[in-house]
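Heads up, the thing below is written out as structure tokens.
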Amino acid sequence: MRTPPRAEVRRTLVEVLPATVPGAPVRVRTQDGLLAARTVARGAVNAEVALVATGAVLLGGDHVAVQVRVADGCALTLTDVGGTVAYDGEGQACRWDVDVRLGAGARLDWEGLPFVVATGADVSRSTDVRLGPGARLRLRETVVLGRDGERGGRVVLRSGVHDDGGPLLVEEVVAAGDRPVPGVLAGTRVIDTVVDLRATADDEPLDESGGDRVADHRVPTADGAVTLRLERGGTLTRWLGRAAHLSPLHRSHPVPDRPAPVPPVPPLARLEHA
């Protein structure tokens, strides 16, 4: 199936930079593509930015590309204004690529809204993250096969998170509503995932032994979600179900993990509208 060449891609950029004057809020630089980025709030070290579609996405042949850059010591909260539907491409595939770079001690929180793969859609969705020393990532991705009454299309989900010590998470999931594979979704249509990862700090030795985490790497919870304790620390928590609104993975859902020293983020200073 045909996808547009990279030269035609309109990238969305969100970049958080330190303030140029002591006591001033961080600077936010944005560029609109198929998604528009709108600054909601800024604080001394943190910013909140909303992403909203500039038109109907995803159609056949669309390529959404999002670049996120957070400088050393800064923090960013990304919010989706609405969910996304990948429509029947009538023979054309579509792509959704996210590229994240976090500086030393930086943090990104992104709780994405549901990504629906309609019947007839063929989607490739990738998330590539590079963490600087001590950086922290919390990312939620919810994928739904089909709208109400549909079986859903095909989706390939690729995730890669690395720091200077190597990979923290590398995963590929392939699912198709009209061609279910035993042992993948078990008859469900919602894949809800929260990853919570922290890069090794410069002064923190790498733990290559795995310790007890290898023997206790899969922790089921009472609400049906499963938390995987990753070899180098951090967690991946996943819930499979029949409807997105039934998922327990909301912001208050506890994700068991080793404590990670994250500096307190001061309250957001809301931007006043002129």
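Answer with yes or no whether Val143 is assigned to a strand (DSSP E or B), within 14 Å of the chain's Cα centre (by Cα) and touching a residue at least 12 places away in the same chain (Cβ under 8 Å). Yes: the conditions hold for Val143. Residues in region 146-167 that are over 22 Å from Asp80 (Cα atoms) and in a strand (DSSP E or B): 5 in all. Scanning region 67-82 for residues that are modelled with pLDDT under 95 and in a loop (DSSP other than H, G, I, E, B) yields Val81, Gly82. Candidates are the residues of region 14-33 that are hydrophobic (A, V, I, L, M, F, W, C) and surrounded by fewer than 17 Cβ atoms within 10 Å (Cβ to Cβ); the one that is nearest to Ala53 (Cα to Cα) is Leu17.
Residues in region 89-99 that are at pLDDT below 95 and farther than 13 Å from Ser124 by Cα: Glu90, Gly91. Taken over region 20-36, residues that are part of a loop (DSSP other than H, G, I, E, B) and of a type outside the set (A, V, I, L, M) amount to 6. The C-beta contact set for region 234-259 (first residue over 23 Å from Gly177 (Cα atoms) and modelled with pLDDT of 90 or more, second residue among the hydroxyl-bearing types (Ser, Thr, Tyr) and assigned to a strand (DSSP E or B), distance under 6 angstrom, 6+ apart or interchain) comprises Thr235/Thr227. If you check Val98, Val116, Val85 for being farther than 30 Å from Arg232 by Cβ, without any contact (Cβ under 8 Å) to a residue 40 or more places away in the chain, out of contact with any His (no Cβ under 8 Å at 6 or more places or on another chain) and part of a strand (DSSP E or B), only one passes: Val116. For region 172-192, the set of residues classified as surrounded by 15 or more Cβ atoms within 10 Å (Cβ to Cβ) and in contact (Cβ under 8 Å) with a residue 24 or more places away in the chain consists of Ala175, Ala176, Gly177, Leu185, Thr188, Arg189, Val190, Ile191, Asp192, listed by residue number. Every condition in (1) part of a strand (DSSP E or B); (2) closer than 20 Å to Arg10 by Cα is met by Leu58 except one, and the failing one is (1). Going by what's in this entry, would Val57 be described as buried (at least 17 other Cβ atoms within 10 Å of the Cβ), in contact (Cβ under 8 Å) with a residue 12 or more places away in the chain and out of contact with any Gly (no Cβ under 8 Å at 6 or more places or on another chain)? Judged against the criteria, Val57 is a match. The set of residues in region 132-144 being within 14 Å of Asp109 (Cβ to Cβ) and of a type outside the set (D, E, K, R) consists of Ala135, Leu137, Leu139. Scanning region 65-100 for residues that are closer than 17 Å to Asp128 by Cα and of a type in the set (S, T, N, Q) turns up just one, Gln67.
Evaluation of Asp99 against the conditions (1) within 23 Å of Ile191 (Cβ to Cβ); (2) surrounded by 20 or more Cβ atoms within 10 Å (Cβ to Cβ); (3) within 19 Å of the chain's Cα centre (by Cα) shows that the sole unmet condition is (2). Of the residues making up region 177-186, not a single one is part of a strand (DSSP E or B) and either under 19 Å from Pro114 (Cβ atoms) or at pLDDT 95 or above (or both).
The values are calculated or read from the model by the stated rules, or taken from the named source; none is laboratory data. In this text, all values refer to a predicted model and were calculated from it rather than measured experimentally. FYI the Cβ positions are ideal-geometry reconstructions off the backbone, even for glycines, and counts take in every protein chain you see.
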